[in-house]
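What follows is a short report on a single structure.
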Amino acid sequence: MLRVGGLTPLSASDWPGMLAAVVFCQGCPWRCGYCHNPGLIPARGENEIPWDDVLSFLRRRQGLLDGVVFSGGEPTLQPELADAMRAVRALGFKVGLHTGGAYPRRLAEVLPLVDWVGLDAKAAFADYARITGVPGSGVSALASLEQVLASGVAHEIRTTVHPALLSDADVVGLAGALSAHGVKRHVIQAFRSQGCADAALTARPE
């Protein structure tokens with residue numbers, strides 16, 4: 001069963017142009033300082049929602065929602081993600097995915113089940129560990145980017161910016177590198193202090 005740490009019944013902002021429920025998957029291997037869902041980082045959460053309860057909710061929303069976004073945490077951490085997506089598609093919903101690209105092999109497994117992907121590009125790929133706290137994380141992120149671009153699945157590439165982590169020059173350089181890889185839609189997201197557990201980031205002007 002998919003481990004679910006939270007559920008947003010209705011969102012108009014997590015999937016551009018779609019009304020969607022958002023399923024927050026529990027667990028993430030990375031430790032990004034600006035994370036606004038730190039409660040989802042541990043493999044098990046204190047207030048997990050049974051997957052069967054999520055499906056019961058979605059059955060009541062058939063015909064009212066366009067789709068379901070699997071967010072996190074990092075959804076591709078869980079081997080059960082593909083089966084969960086199949087269950088959602090069987091109810092008639094489109095499937096969206098938010099991912100940092102930590103697990104490119106599992107991402108490749110689920111891409112055929114996905115209608116849209118929001119993929120994070122956190123920094124220059126050689127500099128990823130400074131953001132994630134995990135050596136080699138940029139290698140996985142780059143492999144995931146290449147898979148998304150090759151898949152033909154609708155997508156946007158997203159970068160969260162805080163001046164303590166990315167300078168203007170960093171952002172410009174990253175945008176150029178992504179364009180060179182073939183990225184057409186790169187969205188800059190401002191850091192949100194709500195939920196962030198890093199006091200050094202929340203104390204500094206955004």
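The values are calculated or read from the model by the stated rules, or taken from the named source; none is laboratory data. All figures in this text were calculated on a predicted structure; none of them were measured in a lab. Don't worry about glycine lacking a Cβ; one is built from the backbone with ideal geometry, like all the others, and counts go over all protein chains shown. When the accessible area is computed, the model is the full protein with side chains, heavy atoms only, and any ligands, DNA or RNA have been set aside. Shrake-Rupley method; radii C 1.70, N 1.55, O 1.52, S 1.80 Å.
For the range 1-47, the set of residues classified as in a strand (DSSP E or B) and either closer than 13 Å to D66 by Cβ or of a type in the set (V, I, T) (or both) consists of V4, T8, L10, S11, A20, A21, V22, V23, listed by residue number.
For the range 73-92, a tally of residues being open to solvent by 10 Å² or more (accessible area, probe 1.4 Å) and either of a type in the set (S, T, N, Q) or under 13 Å from the mean Cα position of the chain (by Cα) (or both) returns 2.
The residues of the range 50-70 that are over 17 Å from C28 (Cβ atoms) and in a strand (DSSP E or B), listed by number, are G67, V68. Search the range 152-174 for residues being assigned to a helix (DSSP H, G or I) and open to solvent by 50 Å² or more (accessible area, probe 1.4 Å), and hand back the single one that is nearest to H186 (Cα to Cα). Among them, the one singled out is V172. Between A43, A87, the distinction of being of a type in the set (G, A, S) and under 20 Å from D115 (Cα atoms) belongs to A87 only. Only one of these conditions is not met by G67: (1) among the small types (G, A, S); (2) over 16 Å from G118 (Cα atoms); (3) touching a strand residue (DSSP E or B) at 6+ places or on another chain (Cβ under 9 Å). Which number is it? Status for G67: all satisfied but (2). The test for being in a strand (DSSP E or B) and open to solvent by less than 60 Å² (accessible area, probe 1.4 Å) does not hold for V134. Picking from residues in the range 93-109 that are open to solvent by less than 20 Å² (accessible area, probe 1.4 Å) and either in a loop (DSSP other than H, G, I, E, B) or of a type in the set (S, T, N, Q) (or both), the one that is farthest from E156 (Cα to Cα) is F93. For the range 110-130, a tally of residues being open to solvent by 10 Å² or more (accessible area, probe 1.4 Å), farther than 30 Å from S56 by Cβ and not charged (D, E, K, R) returns 4.
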